[in-house]
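A.B. asks: Shown below is the structure under consideration.
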Amino acid sequence: MSEFALHHVPARRHAPFLQDAASTMAIVVLGAVGYFLFPEDLAFLTRLIGIAFLVLSLDLVTGYCGIATLGHAAQFGVAAYAVGIACVRGVTDPLALLLVGVFAGTVMGLISGVLIARFRGLPQLVLSIAVGQLVAALANKLQGLTGGSDGLSGISPGKVLGLYNFDMYSRTAYLFSLTVLIIVFVALSRFVRSPFGLMCRAIKDDDLRARMIGVAVYPRLIIMFGVSGAVAGVGGALTAMSTGVVGLDSVSFERSAEVLVMLVLGGAGHLWGALGGAIIFMIFEHIVAAANPFHWMTLVGLLLIGIVVFAPKGLIEPVLTLFARIGGKGRAS
């Protein structure tokens, strides 16, 4: 082995650990900024984290598998309703409710995957919309469970670890959600770099070639839908616990379309793109809607047009290019 190779083997071996550590530190820094600089907006930031989980879950099937879907909010909403129903009926431990959300989201994800992943192109997109609309119709119809158009209220989770109450300022909810985000983000970073995640990227690039080399495409897509549902379920569970109410908006077509816009804004196929897109879109929407309640959608539309024209691969792509150039200069020197 050459001297160059011997020098770089340890670096390659520790690269995943360094990436995970950098991701953890970045999220901690962003979370600390939100907690200390915007203490009066913690409820909004907690809701942002919940939606960020939904965008991350959408990135798994759209960015990494190339599956077009406009009904992804179904997984988020089903988990939120499941957590709300469980909490109202006596399950109040936040960790137990989180597991309920993960389970409900996973089941809904697998059901969606079985139906949607079998098709390609326009039929796939239409079927995803149909699944989302069916879930929304059931949520509206089953008033005894979901509260119908009035929503499911009275969700009061217990103390986190038996110590910390969900206070009215959302401090506990924010810190709890931020901790879960760090854990899930690091786990997803490892997952998308695994052989399974890399094979899903290959399926996205050329599913026919993947089949030709013996890859079972359909089962892998179903599994990815299940993982995606679990991530969306985490977001739904956290949102239900932090807001105390679940409404039809959690399973609406508008929610599915909105998170797809966030993913396009940040950049599909990159976890940081999904997370960054959610942060930028929701903060921009929050500020603009407060400044101009009547025409804020126009400004959001102009932002999206500018992103699509000048950064068609999302805002993450210029950032990655910049880091690559900095890294190249560092190695050259």
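The values are calculated or read from the model by the stated rules, or taken from the named source; none is laboratory data. None of the values given here were measured: they were computed from a predicted structure. Glycine gets a Cβ as well: all are built from the backbone with ideal geometry, and neighbour counts include every protein chain shown.
A.B. asks: For the stretch 59-91, give me each residue that is touching a residue at least 12 places away in the same chain (Cβ under 8 Å) and among the β-branched types (Val, Ile, Thr).
C.D. replies: Of everything in the stretch 59-91, those that are touching a residue at least 12 places away in the same chain (Cβ under 8 Å) and among the β-branched types (Val, Ile, Thr) turn out to be Val61, Thr62, Ile67, Thr69, Val78, Val83, Ile85, Val88.
A.B. asks: In the set Phe253, Phe196, which member is surrounded by fewer than 19 Cβ atoms within 10 Å (Cβ to Cβ), within 27 Å of Pro312 (Cβ to Cβ) and either of a type in the set (Phe, Trp, Tyr) or under 16 Å from the mean Cα position of the chain (by Cα) (or both)?
C.D. replies: Going through Phe253, Phe196 in turn, just one is surrounded by fewer than 19 Cβ atoms within 10 Å (Cβ to Cβ), within 27 Å of Pro312 (Cβ to Cβ) and either of a type in the set (Phe, Trp, Tyr) or under 16 Å from the mean Cα position of the chain (by Cα) (or both): Phe253.
A.B. asks: Taking the criterion of being modelled with pLDDT of 95 or more and of a type in the set (Gly, Ala, Ser), would at least one residue in the stretch 201-221 satisfy it?
C.D. replies: no
A.B. asks: What pairs come up if the first residue lies in the stretch 275-300 and is farther than 20 Å from Val55 by Cα, the second is aromatic (Phe, Trp, Tyr) and modelled with pLDDT under 80, and their beta carbons are under 6 Å apart, counting only those six or more places apart or on different chains?
C.D. replies: Here the result reads Val288/Trp296; Ala289/Trp296, each pair linking the stretch 275-300 to a residue that is aromatic (Phe, Trp, Tyr) and modelled with pLDDT under 80.
A.B. asks: Another question about this same structure. Can you report the number of residues in the stretch 164-193 which are modelled with pLDDT of 95 or more and assigned to a loop (DSSP other than H, G, I, E, B)?
C.D. replies: 0
A.B. asks: Same structure again: Only residues that are part of a helix (DSSP H, G or I) and either in contact with a Lys or Arg (Cβ under 7 Å, 6 or more places away or on another chain) or in contact (Cβ under 8 Å) with a residue 40 or more places away in the chain (or both): list them for the stretch 110-126, please.
C.D. replies: Listed by number, the residues that qualify are Leu110, Ser112, Gly113, Val114, Ile116, Gln124, Leu125.
A.B. asks: Considering Ile287, Ile279, Ile305, which residue is buried (at least 16 other Cβ atoms within 10 Å of the Cβ) and hydrophobic (A, V, I, L, M, F, W, C)?
C.D. replies: Unique residue meeting the criteria: Ile279.
A.B. asks: When you look at Gly235, is it within 16 Å of Ile51 (Cβ to Cβ), within 23 Å of the chain's Cα centre (by Cα) and modelled with pLDDT of 80 or more, yes or no?
C.D. replies: The answer is yes for Gly235.
A.B. asks: Next question, about the same structure. Evaluate the following for Ala137: is it without any contact (Cβ under 8 Å) to a residue 24 or more places away in the chain and either under 29 Å from Leu97 (Cβ atoms) or hydroxyl-bearing (Ser, Thr, Tyr) (or both)?
C.D. replies: yes
A.B. asks: Looking at this structure, is Thr46 touching a helix residue (DSSP H, G or I) at 6+ places or on another chain (Cβ under 7 Å), touching a residue at least 40 places away in the same chain (Cβ under 8 Å) and over 20 Å from Ser156 (Cβ atoms)?
C.D. replies: Taking the combined requirement at face value, the residue does not satisfy it.
A.B. asks: Here is a follow-up. Applying the selection to the stretch 33-43, what residues are assigned to a helix (DSSP H, G or I) and in contact with a helix residue (DSSP H, G or I) (Cβ under 9 Å, 6 or more places away or on another chain)?
C.D. replies: Listed by number, the residues that qualify are Gly34, Tyr35, Pro39, Asp41, Leu42, Ala43.
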